[in-house]
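Asks: Shown below is the structure under consideration.
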Amino acid sequence: MAETIPFTMKMLEWKSWSDPMVLEDCSEEQIAVLEESDPVAKTHEYYLTLVRDPAALLARSRLFNAIMYSEEGAGRAEKEFAATAESMLNGCVFCASVHARLYSRFARDRPTMQAFLDAGLDMELPDRLRAIADFATALAATPPKADQSHVDALKAEGMTAEEIMDIANAVAMFAWANRLMLTLGAPQYQN
């Protein structure tokens, strides 16, 4: 039976349940897509699994870069917090660990994130983070439960329409990515 991993900020590995590509067997097109995707793509089983369909991986990577690295809209820390919340809802331990570390780095707030991972989605949070978490989990639910009250709560915390849309884009992208990752493999503690 597989080991159950709690939500954590520890570095985790992700192991594919299929046979990922071997870098030496990749075509020039696949190598180019891996190089555009992420600095670790050539060594990470997730990317080496997804590169079997290079066009889809390229579209995924460009979408990720456009949403997460944009200078407009919500700040990176808030996008990472939203992605952590929706990853927790979806049970994607690997993604939650990555986004939790990134939130902690960008917000310089490791204690809040560690408490959130330990206590869970219903933890008492500062109002702005609570509004983000509520929106993220309502949007990522199946079926989605986000409504005007979630948007109003974000606006009450001073978020602009552009920032709210940016959070929605990050949550939607990672809710999809969680499902893909959970379908193709599983997290493991690094050796």
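Asks: Magnitude of the Cβ-charge dipole of the chain, K/R +1 and D/E -1, about the Cα centre, nearest 20 debye?
Replies: The dipole magnitude comes to about 340 debye.
Asks: Which Cys residues of the chain have no other Cys beta carbon under 4.7 Å away?
Replies: CYS26
Asks: To continue, here is another question. Sum -39500 (n - 2.57) across every DSSP H segment of at least 4 residues in the chain, then divide by the residue count to get the 222 nm mean residue ellipticity, nearest 500.
Replies: Estimated from H runs of four or more residues: -19500 deg cm²/dmol.
Asks: Related question: Hey, if we sort THR84, THR112, THR160, THR142 by accessible area with the 1.4 Å probe, largest down, what's the order?
Replies: Ranked list, largest accessible area first: THR142, THR160, THR112, THR84.
Asks: Taking only complete DSSP H runs, can you tell me which helices of the chain stretch 27 Å or more along their own long axis by Cα positions and average at least -0.5 on the Kyte-Doolittle scale?
Replies: Membrane-span-like by this criterion, though nothing is claimed about a membrane: 161-184.
Asks: Given Cβ point charges of +1 (Lys, Arg) and -1 (Asp, Glu) and nothing else, what value in debye, to the nearest 20, does the dipole of the stretch 1-93 about its Cα centre take?
Replies: About 300 debye.
Asks: Nothing charged except the Cβ atoms of Lys and Arg (+1) and of Asp and Glu (-1): what's the magnitude of the dipole of the stretch 87-179 about its Cα centre? Round to the nearest 20 debye. Mind showing how you got there, number by number?
Replies: Numbers: 9 positive and 12 negative charges, 83 e Å.
Taking the Cα centre of the stretch 87-179 as origin, the dipole is about 400 debye.
Asks: As a test of reading the structure, rank PHE135, PHE7 by solvent-accessible area (1.4 Å probe, protein chains only), most first.
Replies: PHE7, PHE135
Asks: Using every pair of alpha-carbon atoms in the stretch 55-94, split the distances into 10 Å bins beginning at 0 and state the percent of pairs per bin, rounded to integers.
Replies: Answer for the stretch 55-94: a P(r) of 28, 42, 31 percent.
Asks: Please label the shape of the stretch 112-179 as rounded, prolate or oblate, based on the square roots a ≥ b ≥ c of the eigenvalues of the alpha-carbon gyration tensor (a/c under 1.5 means rounded; beyond that, a/b larger than b/c means prolate, else oblate).
Replies: oblate
Asks: Give me Rg over Rh for the chain, both radii from the alpha carbons and Rh done the Kirkwood way, two decimal places.
Replies: 0.98
Asks: Mind checking the stretch 33-136 for trypsin sites (Lys or Arg not before Pro) that DSSP puts in a loop (not H, G, I, E or B) and that have at most 11 other Cβ atoms within 10 Å?
Replies: Numbers: sites: LYS42, ARG52, ARG60, ARG62, ARG76, LYS79, ARG101, ARG105, ARG108, ARG128, ARG130; in loops: ARG52, ARG108.
Counting only loop positions with at most 11 other Cβ atoms within 10 Å, the trypsin sites (Lys or Arg not before Pro) in the stretch 33-136 are ARG108.
Asks: GLU162: accessible area at probe 1.4 Å, nearest 10 Å²?
Replies: Roll a 1.4 Å probe over it and GLU162 shows about 110 Å².
Asks: Please report, to one decimal in angstroms, the Kirkwood hydrodynamic radius of the stretch 146-187 built from all distinct Cα-Cα pairs.
Replies: Result for the stretch 146-187, one decimal place: 11.7 Å.
Asks: Would you rank VAL93, VAL98, VAL40 by solvent-accessible area, highest first, keeping every protein chain in place and using a 1.4 Å probe?
Replies: Greatest to least solvent exposure: VAL40, VAL98, VAL93.
Asks: Hey, another quick one. Between the stretch 65-97 and the stretch 126-191, what's the alpha-carbon centroid distance in Å?
Replies: Value for the Cα centre distance between the two parts: 7 Å.
Asks: Same structure again: Calculate, for the chain, the solvent-accessible area per residue in square angstrom, rolling a 1.4 angstrom probe over the heavy atoms of the protein chains.
Replies: 52
Asks: Where the eigenvalues come from the Cα gyration tensor of the stretch 4-76, what are the semi-axes √(5λ) of the equivalent ellipsoid, largest first, in whole Å?
Replies: Details: eigenvalues 102, 79, 17 Å².
Output for the stretch 4-76: semi-axes of 23, 20, 9 Å.
The values are calculated or read from the model by the stated rules, or taken from the named source; none is laboratory data. As the structure is a computational prediction, the values presented were derived from the model and not from experiment. Quick reminder, even Gly has a Cβ in these numbers, built from the backbone with ideal geometry, and neighbours come from all protein chains shown. For accessibility, only protein heavy atoms count, side chains too; no ligands or nucleic acids. Shrake-Rupley method; radii C 1.70, N 1.55, O 1.52, S 1.80 Å.
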